[in-house]
Amino acid sequence: MMTRSQQSRTSRLTRPSVAIAAAVAVTAGVVAAAPDAKTAAVAGPKLSLIAASKSVTLDSWKEEPGVYLDLGTYLTSEKGAFEFKVTRKSYKDPVVASQIIRNGKKTTTKVLPAGLVKDFSGLPDFMEVSVVDAAGKSVLKKTESFCPNNASGRVRPDAPANSKFPQSCPANPFTLGSVWGVENGWAANTYAGYYSAPVQLAAGTYTAKISVTKKYRDLFGIANKPQSVKVTVRERSWEQPEGGSGGAAAKVASSSPHAGHAGHQAAADPAPSGHAGHGAPARTDAPASSTTGAGATFNVGHGPYPPAPPALPWALKKQAAEKQAGKDAFGAQGFSAARVGDRAGQTDGSRQAPGAQPNAKRPTGKAAVPNVPKPDLRSLPAYGITVSDGYEDVPGKDYLAFSANVWNAGPAKLVVDGFRSPGKELMDAYQYFYDAKGKQVGYTPTGTMEWDPRPGHEHWHFTDFASYRLLKADKKETVRSGKEAFCLANTDAVDYTVKNANWHPSNTDLSTACGQENSISVREVLDVGSGDTYTQDLPGQSFDITNLPNGTYYIQVLANPENRLKETNHKNNSALRKVVLGGKKGARTVKVPAHHLVNAN
């Protein structure tokens, strides 16, 4: 199995120009009379902006200048959840976001103004942040998007113990449906995280004013009560001993009373595990202040960041691997180079869940395929498409690399168990079936699982899950990727609005999903609504285009190519993405036309 590579930062959402009065209210089952603008504006839960602390200390790293502006502000929701359903009918249709308002047995759906929400990453330009220095001079003013699924927590003891909403907003460009929400009695961090670039602030003291922008205050009935937070920025170095000082110690602002106490929180991340495979973020986790309150199931920085990266050039990946040797979690490669390997929560960016446990014994009884709900595997169009040479591994070659995702539209999860007889190199793989109550009612043989011992892999691969092919303009195959075996993980929330979608799937990262060399059995699961992204960034797995003529081609992502897995529908397993190759040998180029309304290469 290949190592997943990096995704470029999701493109920033543009500021829409819309009329708030265009909001439409529809009562479940009944079309209601259009309310006046004032009534529409205040319908729904009571929302408030709060600050967890009156002051925060933020770090600016000498090796990577810039400050992540996590100011510890939260949006609270009372008298009901702040809930949204976000969908698009197809890639030819725009994204539609609707607020779901529940009042006892009555449910009202309020469609947000057309064009306000353009993708699935959150509400754009929701927050406004302005910063002045100690002399009162304005040094920064910006807006940020808000993902209601950001790291959150309860604000009162009688609030629900757990939030029913997902733990991130998806960033895959081919997402089809999402659910956002701040649970009743909970608060979500307003920091945009990886959707927000670091800002340039010199070491010193500042005052930040944080407020919800007017268009959202009017739309959701939020009081105009900005929060003020004192900010201390200190300059630090990755070479600084944790909490210490000395020759390599960072220069800390003398005005900071907390110098040396709020270390680089990303350093707490575990080292990459041996179960690598799906990829690594383009940099380590964004630093966060101690006021954020993020729990262990959230990466530092709160904001969801892209889970499905385009291919990282091998030269950079090799450089990262070399620099990583003997380094700590934030060693010489810093934020700019990928860390090779996988670790807990990394592939999704904001969620981490344990792997599903396999059955302790081999299946018993007669194999059968019962008449019960089954998964529906579908492919997303390829994206993150790049060209690269083979570096020193395969000199003189040109390759076309890309990200590919196969997801499960349900209504049943895909469950595949592998069992190894003593001394055997391969596991026998079986697909399991369940009735409506979750009871196992059947199984069928479905191929094998194989152990991949290569560094950066080191886990069990299920064979024949997907196939990647490069088709000529006439859509006849010309090149096939060498990637044929997969470790399944729920890395991307593709459509959480489908029937039986699991908003809290297990095995969201490879470190929990695919077993160890001495495993006797492995369970790999692709849950309803989630997809598994792979990048084709290694020679032999991506497409060798060295001798292909320039022109138009199609990348085909094909799920369940041999139809060995039992599905509800085998006719929707293929997705095509048009590409145009150009350039010359050693300097090939690729142009990627928009796929209907999705303009992501």
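The values are calculated or read from the model by the stated rules, or taken from the named source; none is laboratory data. Quick caveat: nothing in here was measured; it's all calculated off a predicted structure. Quick reminder, even Gly has a Cβ in these numbers, built from the backbone with ideal geometry, and neighbours come from all protein chains shown. Heads up: the accessible areas ignore ligands, DNA and RNA and are worked out on the full protein's heavy atoms, side chains in. Shrake-Rupley method; radii C 1.70, N 1.55, O 1.52, S 1.80 Å.
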Would a scan of the stretch 184-205 turn up a residue that is buried (at least 16 other Cβ atoms within 10 Å of the Cβ) and within 23 Å of GLY410 (Cα to Cα)? no
Report task. Could you check, for the stretch 565-584, whether at least one of its residues is in a loop (DSSP other than H, G, I, E, B), of a type outside the set (Ser, Thr, Tyr), closer than 24 Å to PRO453 by Cβ and within 28 Å of the chain's Cα centre (by Cα)? Result -> no
- Query: in contact with a His (Cβ under 9 Å, 6 or more places away or on another chain), of a type outside the set (Gly, Ala, Ser) and at pLDDT 90 or above - does that describe any residue in the stretch 382-397?
  - Reply: yes
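So for the stretch 518-528 (the condition being out of contact with any strand residue (DSSP E or B) (no Cβ under 9 Å at 6 or more places or on another chain), open to solvent by 30 Å² or more (accessible area, probe 1.4 Å), more than 30 Å from VAL590 (Cβ to Cβ) and without any contact (Cβ under 8 Å) to a residue 60 or more places away in the chain), does at least one residue qualify?
Step one: of the stretch 518-528, the residues out of contact with any strand residue (DSSP E or B) (no Cβ under 9 Å at 6 or more places or on another chain) are 518.
Restricting the remaining residues to those that are open to solvent by 30 Å² or more (accessible area, probe 1.4 Å) gives 518.
Add one more test, that the residue is more than 30 Å from VAL590 (Cβ to Cβ), and what stays is 518.
Now narrow it down to the ones that are without any contact (Cβ under 8 Å) to a residue 60 or more places away in the chain: 518.
Yes, the stretch 518-528 contains a residue that is out of contact with any strand residue (DSSP E or B) (no Cβ under 9 Å at 6 or more places or on another chain), open to solvent by 30 Å² or more (accessible area, probe 1.4 Å), more than 30 Å from VAL590 (Cβ to Cβ) and without any contact (Cβ under 8 Å) to a residue 60 or more places away in the chain.
Give the residues of the stretch 141-158 that are open to solvent by 10 Å² or more (accessible area, probe 1.4 Å) and either in contact with a Ser or Thr (Cβ under 8 Å, 6 or more places away or on another chain) or not acidic (Asp, Glu) (or both), sorted by residue number. So that I can check it myself, show each step before the final result.
So the first thing to find is which residues in the stretch 141-158 are open to solvent by 10 Å² or more (accessible area, probe 1.4 Å), and the list is 141-143, 152-158.
Of everything in the stretch 141-158, those that are open to solvent by 10 Å² or more (accessible area, probe 1.4 Å) and either in contact with a Ser or Thr (Cβ under 8 Å, 6 or more places away or on another chain) or not acidic (Asp, Glu) (or both) turn out to be LYS141, LYS142, THR143, SER152, GLY153, ARG154, VAL155, ARG156, PRO157.
For (1) among the aliphatic types (A, V, I, L, M); (2) modelled with pLDDT of 90 or more; (3) over 26 Å from the mean Cα position of the chain (by Cα), each residue gets a yes or a no:
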{"site": "ASP36", "(1), (2), (3)": "no, no, yes"}
{"site": "ILE50", "(1), (2), (3)": "yes, yes, yes"}
{"site": "SER55", "(1), (2), (3)": "no, yes, yes"}
{"site": "ALA81", "(1), (2), (3)": "yes, yes, no"}
{"site": "GLN99", "(1), (2), (3)": "no, yes, no"}
{"site": "GLY104", "(1), (2), (3)": "no, no, yes"}
Taking the stretch 217-257 and keeping residues assigned to a loop (DSSP other than H, G, I, E, B) and modelled with pLDDT of 95 or more leaves GLY221, ILE222, ALA223, ASN224, LYS225, PRO226
Expected single match for more than 23 Å from GLU128 (Cα to Cα) and in a strand (DSSP E or B) among SER163, SER178 is SER178
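Kindly indicate whether ARG480 is at negative phi, in contact with a Lys or Arg (Cβ under 7 Å, 6 or more places away or on another chain) and of a type in the set (Lys, Arg).
Values: at negative phi: yes; in contact with a Lys or Arg (Cβ under 7 Å, 6 or more places away or on another chain): yes; of a type in the set (Lys, Arg): yes.
Spelling it out, ARG480 is indeed at negative phi, in contact with a Lys or Arg (Cβ under 7 Å, 6 or more places away or on another chain) and of a type in the set (Lys, Arg).
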Restricting attention to the stretch 397-441, the residues that are open to solvent by 60 Å² or more (accessible area, probe 1.4 Å) and within 26 Å of VAL579 (Cα to Cα) number exactly 1
Reported set for the stretch 517-550 where residues are part of a loop (DSSP other than H, G, I, E, B) and modelled with pLDDT under 90 is GLU517, ASN518, SER519, ILE520, GLN536, ASP537, LEU538, PRO539, GLY540, GLN541, SER542
The lone condition SER98 fails out of (1) assigned to a loop (DSSP other than H, G, I, E, B); (2) of a type outside the set (Val, Ile, Thr); (3) closer than 23 Å to LYS46 by Cβ is (1)
Among residues of the stretch 127-139 being open to solvent by 30 Å² or more (accessible area, probe 1.4 Å) and touching a Ser or Thr at 6+ places or on another chain (Cβ under 7 Å), the residue nearest to ILE50 (Cα to Cα) is GLU128
Flag if VAL369 is surrounded by fewer than 18 Cβ atoms within 10 Å (Cβ to Cβ), among the aliphatic types (A, V, I, L, M), farther than 24 Å from ILE555 by Cβ and at pLDDT 90 or above | yes
If we ask which residues in the stretch 62-79 are open to solvent by less than 20 Å² (accessible area, probe 1.4 Å) and either over 25 Å from the mean Cα position of the chain (by Cα) or among the polar types (S, T, N, Q) (or both), their number turns out to be 3
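Considering only the stretch 104-119, state which residues are outside any strand (DSSP E or B) and either surrounded by 17 or more Cβ atoms within 10 Å (Cβ to Cβ) or on the phi < 0 side of the Ramachandran plot (or both). Even if it seems obvious, please write down each step before you answer.
Residues of the stretch 104-119 that are outside any strand (DSSP E or B), as a first pass: 104-105, 112-119.
Hits for the stretch 104-119 are LYS105, LEU112, PRO113, ALA114, LEU116, VAL117, LYS118, ASP119.
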Within the stretch 80-95, of all residues that are among the aliphatic types (A, V, I, L, M) and closer than 22 Å to ALA43 by Cα, the one surrounded by the most Cβ atoms within 10 Å (Cβ to Cβ) is VAL86
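In this structure, is PRO173 under 30 Å from TRP407 (Cα atoms) and either open to solvent by 10 Å² or more (accessible area, probe 1.4 Å) or basic (Lys, Arg) (or both)?
yes
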Checked ASP495, ASP389 against criteria (surrounded by 21 or more Cβ atoms within 10 Å (Cβ to Cβ), touching a Ser or Thr at 6+ places or on another chain (Cβ under 8 Å) and of a type in the set (D, E, K, R)); the one match is ASP495
Practice problem: Assess whether GLY122 counts as being under 21 Å from LYS46 (Cβ atoms) and crowded, with 23+ Cβ neighbours inside 10 Å. | Solution: yes
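If you check SER53 against the conditions, is it open to solvent by 20 Å² or more (accessible area, probe 1.4 Å), in contact (Cβ under 8 Å) with a residue 24 or more places away in the chain and either in a strand (DSSP E or B) or β-branched (Val, Ile, Thr) (or both)?
Working: open to solvent by 20 Å² or more (accessible area, probe 1.4 Å): yes; in contact (Cβ under 8 Å) with a residue 24 or more places away in the chain: yes; either in a strand (DSSP E or B) or β-branched (Val, Ile, Thr) (or both): no.
Taking the combined requirement at face value, the residue does not satisfy it.
So, in the stretch 505-514, of the ones that are more than 23 Å from PRO381 (Cβ to Cβ) and at pLDDT below 80, which residue ends up surrounded by the fewest Cβ atoms within 10 Å (Cβ to Cβ)?
If we filter the stretch 505-514 for residues that are more than 23 Å from PRO381 (Cβ to Cβ), which is where we start, we get 506-507, 509-514.
Next, from what is left, pick out any that are at pLDDT below 80: 507, 509-514.
Details: ASN507: 25, ASP509: 28, LEU510: 31, SER511: 27, THR512: 20, ALA513: 30, CYS514: 32.
Among residues in the stretch 505-514 that are more than 23 Å from PRO381 (Cβ to Cβ) and at pLDDT below 80, the one surrounded by the fewest Cβ atoms within 10 Å (Cβ to Cβ) is THR512.
I need a count of the residues in the stretch 569-601 that are open to solvent by 70 Å² or more (accessible area, probe 1.4 Å) and more than 25 Å from LYS92 (Cα to Cα).
Pass one, the stretch 569-601, residues open to solvent by 70 Å² or more (accessible area, probe 1.4 Å): 570-571, 578, 584-585, 591, 596-597, 599, 601.
Then keep just the ones that are more than 25 Å from LYS92 (Cα to Cα); that gives 584-585.
Here the count works out to 2.
Give me the residue from the stretch 442-458 that is of a type in the set (D, E, K, R) and at pLDDT below 85 and, out of that set, most open to solvent (accessible area, probe 1.4 Å). Before the answer, list the steps.
Looking only at the stretch 442-458, we keep the residues that are of a type in the set (D, E, K, R), and these are 450, 452, 454, 458.
Still in the running and at pLDDT below 85: 452, 454, 458.
Values: ASP452: 14, ARG454: 106, GLU458: 67 Å².
So, considering only residues that are of a type in the set (D, E, K, R) and at pLDDT below 85, the one most open to solvent (accessible area, probe 1.4 Å) is ARG454.
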Of those in the stretch 376-411 that are out of contact with any strand residue (DSSP E or B) (no Cβ under 8 Å at 6 or more places or on another chain) and in a loop (DSSP other than H, G, I, E, B), the residue farthest from ASP495 (Cα to Cα) is GLU392
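Residue under question is LYS483, and the condition is that it be open to solvent by 40 Å² or more (accessible area, probe 1.4 Å) and charged (D, E, K, R); does it hold? So that I can check it myself, show each step before the final result.
Numbers: open to solvent by 40 Å² or more (accessible area, probe 1.4 Å): no; charged (D, E, K, R): yes.
Taking the combined requirement at face value, the residue does not satisfy it.
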